[in-house]
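The next block holds one structure in the form of structure tokens; read it before the comments.
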Amino acid sequence: MDGLTLKKLLKKADEGGYAIPSFNYSDIWDFMAIVEAAEEEGAPIMIASNPLVVKAIGADCCGAFGEAAMARAKIPLVHHLDHSFSVEMCGDCIKNHYPSVMIDASKYDLETNIKYVNEVMALAKPYHVHVEAEVGKIKGKGIEGDFKGGDFLVQVEDAVELVKQTNVDSLAVGIGSAHGFYQGKPQLNFERLEQVNKAIDTPLVLHGGTGIPREDVQKAIKLGINKMNVGTIIHCTYMNSVRAELNRVGDNAYTLDVMSVVKENIKKVVKEWIRTCMADGKA
Ligand code: 13P
């Protein structure tokens, strides 16, 4: 698996009217649950570690595990670095066999954002690694990022300029989605999404999946989203299931027994999201 294969997967998704779901993992248990669910649904997926996970486990171990999992998976599986604010971490993950990385320099002005994206492109291209960038901002508070201002909406001309100057492989766009749980119904700016999609050919990514209603996700896919990021609901299902199962069995539980129950709960959530993205049966 390399970035070129991901490019083809995203193109196929664009032509087929579905999105590649990308799920955030924290360790091997949710990683395994996500992959099993995708195999049972016959869906191509991406599986992503955020920088906190990379720091905690190490790019070397995450990379080695990801590489083995991609080789073994019965579906197209792409290991991805999510929301790196650091060029250095992108470089580390590229060296450790990640086929895809995201450099999120959206907090800077456009010129600086472009500069960082180009630095990562230079590191990535010799290894055929796919690079995702971001224009506009993802709102909300979550472990993948924290932006509370009102100035989140992507400007079409910024997306055009960034793509022109970097030739980046995919682009996350700020259209009102947020990391973490939403307060109230998410208000996505579909009109802006459509305008960006018409202005550039680059695959578009929607972050902040948790809490976006199914019909809005599917509308966004129709208007140009090719990759859909989902994190919070995975972490929360994981932790809440651990607590419920430990409460049920009491002291001295065996890890694998607990995790077999936890994994099933995570798999249910992942399968629902795969169907929401209409990626089931598309492997
Ligand atoms: P949620 O945590 O809101 O699902 O968003 C995940 C995400 O966008 C990761 O980049």
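Would you mind finding the one in Ala48, Ala43, Ala38 that is under 23 Å from Ser84 (Cβ atoms), crowded, with 24+ Cβ neighbours inside 10 Å, hydrophobic (A, V, I, L, M, F, W, C) and modelled with pLDDT of 95 or more?
After ruling out the rest, the residue left standing is Ala48.
One residue is enough: does the range 219-235 have a residue meeting the conditions more than 12 Å from the ligand (Cβ to nearest atom) and part of a loop (DSSP other than H, G, I, E, B)?
Within the range 219-235, one or more residues are more than 12 Å from the ligand (Cβ to nearest atom) and part of a loop (DSSP other than H, G, I, E, B).
Taking the options Lys148, Lys115, name whichever one is more than 14 Å from the chain's Cα centre (by Cα), within 16 Å of the ligand (Cβ to nearest atom) and without any contact (Cβ under 8 Å) to a residue 60 or more places away in the chain.
Lys148
Matching residues to (1) at pLDDT 95 or above; (2) out of contact with any strand residue (DSSP E or B) (no Cβ under 9 Å at 6 or more places or on another chain):
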position: Tyr127; (1), (2): yes, yes
position: Gly140; (1), (2): no, no
position: Asp158; (1), (2): yes, no
position: Gly176; (1), (2): no, no
position: Glu194; (1), (2): yes, yes
position: Leu204; (1), (2): yes, no
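Does Asp169 qualify as being under 24 Å from Lys11 (Cβ atoms), touching a residue at least 60 places away in the same chain (Cβ under 8 Å), in contact with a helix residue (DSSP H, G or I) (Cβ under 8 Å, 6 or more places away or on another chain) and away from the ligand (no atom under 15 Å from the Cβ)?
Against the criterion (under 24 Å from Lys11 (Cβ atoms), touching a residue at least 60 places away in the same chain (Cβ under 8 Å), in contact with a helix residue (DSSP H, G or I) (Cβ under 8 Å, 6 or more places away or on another chain) and away from the ligand (no atom under 15 Å from the Cβ)), Asp169 qualifies.
Can you name every residue in the range 236-256 that is within 16 Å of the ligand (Cβ to nearest atom) and either of a type in the set (Val, Ile, Thr) or outside any helix (DSSP H, G or I) (or both)?
Here is the first cut: in the range 236-256, the ones within 16 Å of the ligand (Cβ to nearest atom) are 236-240.
Answer for the range 236-256, where residues must be within 16 Å of the ligand (Cβ to nearest atom) and either of a type in the set (Val, Ile, Thr) or outside any helix (DSSP H, G or I) (or both): just Thr237.
With modelled with pLDDT of 95 or more, among the aliphatic types (A, V, I, L, M) and under 15 Å from the mean Cα position of the chain (by Cα) as the only criterion, which of Met259, Met228, Met278 stands out?
Met228
Taking helices (runs of 4 or more DSSP H) that fall entirely within the range 21-99, which contain at least 3 residues that are touching a residue at least 60 places away in the same chain (Cβ under 8 Å) and more than 13 Å from the chain's Cα centre (by Cα)? Outline the logic, then answer.
Details: elements: 28-41, 51-57, 59-72, 87-95.
Once the helices (runs of 4 or more DSSP H) in the range 21-99 are filtered for at least 3 residues that are touching a residue at least 60 places away in the same chain (Cβ under 8 Å) and more than 13 Å from the chain's Cα centre (by Cα), what remains is 28-41.
Name the residue, out of Lys95, Lys107, that is out of contact with any strand residue (DSSP E or B) (no Cβ under 8 Å at 6 or more places or on another chain) and basic (Lys, Arg).
One residue alone meets the criteria, Lys95.
Only one of Lys11, Lys7 is surrounded by fewer than 15 Cβ atoms within 10 Å (Cβ to Cβ), at pLDDT 95 or above and in contact with a strand residue (DSSP E or B) (Cβ under 9 Å, 6 or more places away or on another chain); which? Steps first, answer last, please.
Values: Lys7 fails: surrounded by fewer than 15 Cβ atoms within 10 Å (Cβ to Cβ).
Only one candidate passes the filter, namely Lys11.
In this structure, is Gly209 assigned to a loop (DSSP other than H, G, I, E, B), in contact (Cβ under 8 Å) with a residue 40 or more places away in the chain and surrounded by 15 or more Cβ atoms within 10 Å (Cβ to Cβ)?
Numbers: assigned to a loop (DSSP other than H, G, I, E, B): yes; in contact (Cβ under 8 Å) with a residue 40 or more places away in the chain: yes; surrounded by 15 or more Cβ atoms within 10 Å (Cβ to Cβ): yes.
Considered against the rule, which asks whether it is assigned to a loop (DSSP other than H, G, I, E, B), in contact (Cβ under 8 Å) with a residue 40 or more places away in the chain and surrounded by 15 or more Cβ atoms within 10 Å (Cβ to Cβ), Gly209 comes out as yes.
For the range 187-205, name all the residues that are in contact (Cβ under 8 Å) with a residue 40 or more places away in the chain and assigned to a strand (DSSP E or B).
Within the range 187-205, Val205 is the sole residue that qualifies.
Would you check if there is a residue in the range 1-18 being within 16 Å of the ligand (Cβ to nearest atom) and not in a helix (DSSP H, G or I)?
The answer is no, given that none of the residues of the range 1-18 is within 16 Å of the ligand (Cβ to nearest atom) and not in a helix (DSSP H, G or I).
Within the range 28-42, track down each residue that is more than 16 Å from the ligand (Cβ to nearest atom) and either more than 22 Å from Met228 (Cβ to Cβ) or in contact with a strand residue (DSSP E or B) (Cβ under 7 Å, 6 or more places away or on another chain) (or both).
If the condition is that a residue be more than 16 Å from the ligand (Cβ to nearest atom) and either more than 22 Å from Met228 (Cβ to Cβ) or in contact with a strand residue (DSSP E or B) (Cβ under 7 Å, 6 or more places away or on another chain) (or both), then Ile28, Trp29, Val35, Ala38 are the ones that fit.
When the range 191-218 is examined, which residues are found to be within 12 Å of the ligand (Cβ to nearest atom) and β-branched (Val, Ile, Thr)? Step through it out loud before you land on a result.
Taking the range 191-218 and keeping what is within 12 Å of the ligand (Cβ to nearest atom), we get 205-212, 217.
Once the filter is applied, which keeps residues that are within 12 Å of the ligand (Cβ to nearest atom) and β-branched (Val, Ile, Thr), the range 191-218 yields Val205, Thr210, Ile212, Val217.
The values are calculated or read from the model by the stated rules, or taken from the named source; none is laboratory data. Quick caveat: nothing in here was measured; it's all calculated off a predicted structure. Every residue, glycine among them, receives a Cβ derived from its backbone with ideal geometry; neighbour counts consider all protein chains shown.
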